[in-house]
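In what follows, a single structure is set out as structure tokens and then discussed.
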Amino acid sequence: MPPTRVLIHSNARRGTPLMLAAPSVALDLPLRVLVRATARAAPGRASTPPRN
């Protein structure tokens, strides 16, 4: 398995009002991004697509 990191970004001041307005947004918060080395040693990333 190539080197991998999960980055987590959270901001309670912005996230809490969003979750109060639309509780289902809590499924996507905090923002998580997976960063990994590829076969060519270039960084790759993966995240879930935003919901409408």
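The values are calculated or read from the model by the stated rules, or taken from the named source; none is laboratory data. Everything numeric here is computed off the predicted structure, so don't read it as measured data. Neighbour counts run over all protein chains shown; Cβ positions are idealised from the backbone, glycine included.
Here is how the numbers come out for the structure above:
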{"quantity": "Residue list for segment 10-25, filter: within 16 Å of the chain's Cα centre (by Cα) and small (Gly, Ala, Ser)", "calculated": "10, 12, 15, 24"}
{"quantity": "Qualifying strands (runs of 3 or more DSSP E) (wholly inside the chain; at least 2 residues being surrounded by 12 or more Cβ atoms within 10 Å (Cβ to Cβ) and basic (Lys, Arg))", "calculated": "31-37"}
{"quantity": "Any hit, segment 3-23, residues being modelled with pLDDT under 85 and out of contact with any Asp or Glu (no Cβ under 8 Å at 6 or more places or on another chain)", "calculated": "yes"}
{"quantity": "Pair list, Cβ < 9 Å and 6+ apart or interchain, from segment 1-24 residues that are over 16 Å from residue 48 (Cβ atoms) to residues that are of a type in the set (Ser, Thr, Tyr)", "calculated": "2/38"}
